[in-house]
1. Please tell me which of these pairs span more than 28 angstrom C-alpha to C-alpha: LYS437/LYS649; LYS649/LYS696; LYS410/LYS818; LYS649/LYS818?
2. With a 1.4 Å probe and all protein chains left in place, how much of the accessible area of the chain comes from carbon and sulfur atoms, in whole percent?
3. If one puts a single equal scatterer on every Cα of the chain and applies the Debye formula without solvent, what log₁₀ I(q)/I(0) results at q = 0.05 Å⁻¹?
4. Taking 7 Å along the Cα-to-C-beta vector as the label spot, tell me the ALA385-THR120 distance in nanometres, rounded to one decimal.
5. Give me the percent of DSSP beta bridges within the chain that run antiparallel, rounded to the nearest 5.
6. If each of THR452 and VAL720 carries a label point 7 Å out from its Cα toward its Cβ, how far apart are those two points in nm?
7. Measure nothing fancy, just the Cα-based angle from helix 565-575's long axis to the longest principal axis of the chain, in degrees from 0 to 90, nearest 10.
8. For VAL318, what residues show an amide H to amide H distance below 5 Å, using hydrogens built from the backbone and excluding near sequence neighbours?
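The values are calculated or read from the model by the stated rules, or taken from the named source; none is laboratory data. Fair warning: this is a prediction, and the values are worked out from it, not measured in the lab. Every residue, glycine as well, gets a Cβ built from its backbone with ideal geometry; the counts of neighbours run over all protein chains shown. Accessible surface areas use protein heavy atoms only, side chains included; no ligands, DNA or RNA. Shrake-Rupley method; radii C 1.70, N 1.55, O 1.52, S 1.80 Å.
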Amino acid sequence: MTDDAADRADRADRADRGPVIRLEKDGPLIVEGLKEFRNSRGEAIRVRTSMRLCRCGNSSTKPYCDSTHKRVGWTDGKGDDRVPDHLDTYAGPEVTIVDNRGLCSHAGFCTRGLPAVWRTGAEPWIDPAAAPGSEIVDTVRRCPSGALNVVPAPGGSLAPGPGPGGPRIEITHNGPYRIRGGVTLEGVVFGEGASREHFTLCRCGHSRNKPFCDGSHWYAGFRDDEGATIAAAARAAGDMTEEWLPVAQAGDVPDGAVRAVSVGEVPVALVHTGGAWYALEGRCPHQGGPLGEGLLCAGALRCPWHGYDFAPATGAGVGNELRAVTLQVRERDGVVEVLAPKPKHPAWTVSHVVVETLVNWGIDTVFGMVGHSNLGLAEALRVQAERGRLRYIGIRHEGAAAFACAGYAKVTGRPAACLSIAGPGATNLLTGLWDAKLDRAPVVALTGQVQTQVMGPGTFQEVDLASAFAAVARFSHTVLPGSRHAELASLAMKTAVVERDVAHLIFPDEVQTLDAGSEGPGTPEGRLGPTDVAPSPGAVASALSRIRRARRPVVIVGYGARGAMGEVVALAEALGAPVITTFKAKGQISDSHPLGAGVLGRSGTPVASWFMNESDLLIVFGASFSDHTGITTSRPIIQVDFDRMALAKFHPVDEAVWGDIATTAAVLRRGLPTGGRWEDRRAELAQRWAAWRAEKAARAAKDNGAGVNSAALFAVLSEVLPEDAIVCVDVGNNTYSFGRYFECRRQSVVMSGYLGSIGFGFPAAMGAWAARTGRPVVSVSGDGGFGQYLAEVTTAVEHGMDITHVLLNNNELGKISKEQRDGEWKVWQTALHNPNFADYARLCGAYGRRVERAEDLAAVLAEALATPGPALVEVMTDPLLT
């Protein structure tokens, strides 16, 4: 065989094997046969038959090698201190997770995507029983390094399988090469359990586990402005050969006819007249009318919307000064073909910069509605969704999107984003955003806007969004052509996270698709400081002095203490002090805890009010002292809060202590004297609880023959609800009853606190589900609240949301009826005309059951909780027995 023949045979053999990567000793990656190569923005980079890709991190022509590795003496040996290959196995009910830490690139897709399963700081750090197997498989599929895999449980079939798309290399921003689709890596020993289908290769030169990435680029400060890859992508786009695409059979379009066809994503009006073929872009230049649905009139193509005429051959307006865009068209062998137009929008736009920045800062869920004034922004969201970096959930009403974001934030402490169009779409967000703001839940709102050139006179759907959002958004700015777009998005995220508030970005229509050039996305690196602020020694000394003198101190916790309950309860146990919660903080200590004293205030229990009134000192953590909390001002008060404005906001307190709540509680506990004079109240608490439970049982036994008693309903729900459930409650009598009668074990409660917005419950449960905590999600509402967003049941069905909704239906706005009666008014306009909500749920594709007798509650609720996907239990309740 000649040398040429051997070379051809070798090339043919490599082509059969697909793309191959070889390692040059102490040098670059040698890549052969690759068809798809993309930079971090998803732009295609022109491939060559053979490419030398830098892996020392020092090339001036990244991603290509320029031989700098020789000058700097770079070597590709593994570090002695690398994490060794070791396969750990975590068996669960549906899947077994296998993990090789030696291969991990620390991209964080697992810990951010499913934190209930991959638990940072916990041991064991993986809990395969904490989420449905399908969600675990989806998360493993997104692992770029191949360190994670799953094995189905005996008899099961869940497995990640190959990812979508063919063999390719993707360059990550300031990070490694991600290899996907089964590219062969020659001459390398993979660790046990490692994936060959996808893996990450070091690009910074600092990995201790070369050739694989181990996350060292984060610590090495590796930076790549990607100028070379951007230029390479632009060159590749310019070098694209002409592509003629078939659009119709010539015989199917008679002479004198117009047909609507598509060339890729471009709508086209195909015209056959006088034996010739013509093609025009299908959007009328007047107002975007569908030219493909037009007619030929006196040889001109007439738009069906407003009658504008255009010459098919040139696109020139006939009787008008407009011009339609024409495309090249030909007929070959009976097939009509159109030359594919160049993409209308750049591959890297302002919207891509902003959205990728938001994702880098931790946005992984967006609720919203795609519409005409946010399409460029929606495209950037689509790209991130296809890359598996965020999940987009389309809703039926923008108000539900904002409430869902609030629910997500209240469960996780992290922001989600909501998307709307200009005008009415944006204003529909406001109620949910106010709920988030008042409850200090971080949310990011992304709103479209009309084009800047028509703003001012009052064009269609123009609303001054900057003014409309000024009061609700801590940060609200319009994204303009000259903005520092990545910085603007970073400031929005920092405001939401640090201030625990609403951030808002406004996107004029034409700015969304502006070419962003070489501007890269922002990241949170170096932008956030520690939050564990210690109180001043003087404030601690004063507080401890009061605590030492007290005999019957009581601890009161508000919603602001939700992340600090371990240290707060430890302090209470050291004092033997009852722990009372505000209604917003219900569930932050178990009602079965020996020191748990229940809820204070209008939705509370006599247990809590008794111990507060019998105390001689209130130690209050993270509570606002608003009227609804019911906290008395007639006792000495120590108030601890991380927000200085919250300290003594409504009235003076005896000791105002500013500091992180967990840190401050720990400092106070360590400063307690041994053998304090405090009375241990545990025995008295048990007696008070026994009396209240007897009273609840007596109330639950009442039956007027007009529906189920709410006390009976919540007694059953207290028994059957999973201990770790997240419960999202609405507003109304159902909420008061829940506060009084439901006993929390380990459940977490989410509510519309200071806004008290009816309709909150079910959309908030959608947000809680999207948080992927692995915990059951339950929502509770009345018929008035559920009726406001009942269309979102279809959203829950579409996305398979595992939410159980308990609906108290008394066919009226019961809370308002009660207030009218209490105020000696006539009951007026509170009756509701309702459908059978259980039937409605079934029509939408969800589980639906109606309960009319208390004795049926337990079985139906248990069945609903065990049913995958959305479920609704409609309980016909007595409006007078709340």
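1. LYS649/LYS696; LYS410/LYS818; LYS649/LYS818
2. 52 percent
3. These q points yield log10 I(q)/I(0) values of -0.36.
4. 2.7 nm
5. 45 percent
6. Computed distance between label sites THR452 and VAL720 equals 5.8 nm.
7. Taking Cα atoms only, the helix is inclined about 20 degrees.
8. Residues meeting the criterion, in which the H sits 1.01 Å from N, are ASP309, PHE310, ALA311.
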